[in-house]
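First the structure, which I've put down as structure tokens, then a few questions once you've had a look.
The values are calculated or read from the model by the stated rules, or taken from the named source; none is laboratory data. Since this is a predicted model, take the numbers as computed values, not measurements. With ideal geometry, Cβ positions are generated from the backbone for all residues, glycine too; neighbour counts draw on all protein chains shown.
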Amino acid sequence: MVRKRAKNLTDKDIADIVSILDGWSGKLSWDLLIEAIEQRRRVTYTRQALHKYERIQHAFSLRKKALSDDAGTVPEVESPELQAALERIARLEGENARLAAENQRLLEQFVTWAYNAHTRGLDNAFLSRPLPPVDRDQTFRPKVTRAAKR
């Protein structure tokens, strides 16, 4: 059976996959993640395709570490309402840890950029200039006549 190539991952797709990882409990492997994505999104990606995206890599590593430390396991309780609340808390704690790690990586990137800008002699005033306004008007294109096409 020949499988059709899955569409490229968009930012929303990556966010959905990271969300799956945030709520993950139990054993975690790339194969199990691929199965979960297929069940939830009806599309299959390879480990290599998922591993290519840094956010997915870091979310996977962080969740794997949390699960190995037993921080990601949810105890079983009798009440379905309490069980749902415990699962939601675990998912939110996982998301919080991932966001804190992403924030730390962004801060490290900013420090690198600030250092590189300083070594190039760029000052804070130059770096803080506002972006130029976006021109959303129709671009003027002159009409092409038949004579010009020849």
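For the range 1-54, what are the residues that are among the aromatic types (F, W, Y) and within 25 Å of R88 (Cα to Cα)?
Residues satisfying the conditions are W24, W30.
So is S19 surrounded by 13 or more Cβ atoms within 10 Å (Cβ to Cβ), touching a residue at least 60 places away in the same chain (Cβ under 8 Å) and either farther than 24 Å from L106 by Cβ or in contact with a Leu (Cβ under 7 Å, 6 or more places away or on another chain) (or both) or not?
The answer is no for S19.
Where the second residue is in a helix (DSSP H, G or I) and of a type in the set (D, E) and the first is at pLDDT below 90 and lies in the range 57-81, which pairs have Cβ atoms under 7 Å and are six or more apart or on separate chains?
Matching pairs, first to second residue: V74/E87.
Please specify each residue of the range 6-16 satisfying the condition of being touching a residue at least 12 places away in the same chain (Cβ under 8 Å) and basic (K, R).
Selection gives K7 alone.
Okay, residues lined up against (1) touching a helix residue (DSSP H, G or I) at 6+ places or on another chain (Cβ under 7 Å); (2) closer than 27 Å to A59 by Cβ:
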{"residue": "S79", "(1), (2)": "no, no"}
{"residue": "R88", "(1), (2)": "no, yes"}
{"residue": "G94", "(1), (2)": "yes, yes"}
{"residue": "Q104", "(1), (2)": "no, yes"}
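Select, from E95, E54, the only residue that is within 16 Å of G23 (Cβ to Cβ) and of a type in the set (D, E).
Result of the check over E95, E54: E95.
Sort out which residues of the range 73-107 are of a type in the set (D, E) and exposed (fewer than 10 other Cβ atoms within 10 Å of the Cβ), and write them in order of number.
E76, E78, E81
Counting just the residues of the range 27-60 that are closer than 22 Å to A100 by Cα and loosely packed, with under 13 Cβ neighbours inside 10 Å, which one comes out farthest from the chain's Cα centre (by Cα)?
Looking at the filtered set, the residue picked out is K52.
Let me ask you something else. Restricting to the range 61-72, and then to whatever is surrounded by 12 or more Cβ atoms within 10 Å (Cβ to Cβ) and among the charged types (D, E, K, R), can you tell me which residue is nearest to I17 (Cα to Cα)?
Out of the qualifying residues, it is R63.
When you scan the range 130-150, do you find a residue that is of a type in the set (G, A, S), modelled with pLDDT under 90 and farther than 30 Å from V18 by Cα, even just one?
Checked against the condition, which is being of a type in the set (G, A, S), modelled with pLDDT under 90 and farther than 30 Å from V18 by Cα, the range 130-150 yields at least one hit.
OK, next. Name the pairs whose Cβ atoms lie under 9 Å apart, with the first residue in the range 95-115 and in contact (Cβ under 8 Å) with a residue 40 or more places away in the chain, the second not in a helix (DSSP H, G or I), and 6 or more positions between them or separate chains?
Listed by first residue and then by second, the contacts come to E95/G23.
Further, regarding this structure: At least 1 residues that are of a type in the set (F, W, Y) in each: list the helices (runs of 4 or more DSSP H) lying fully within the range 80-150 that qualify.
Of the helices (runs of 4 or more DSSP H) lying wholly inside the range 80-150, those with at least 1 residues that are of a type in the set (F, W, Y) span 80-119, 124-127.
Which ones in the range 25-71 are of a type outside the set (D, E) and at positive phi?
Looking only at the range 25-71, we keep the residues that are of a type outside the set (D, E), and these are 25-30, 32-34, 36-37, 39-53, 55-68, 71.
If the condition is that a residue be of a type outside the set (D, E) and at positive phi, then G26, R42 are the ones that fit.
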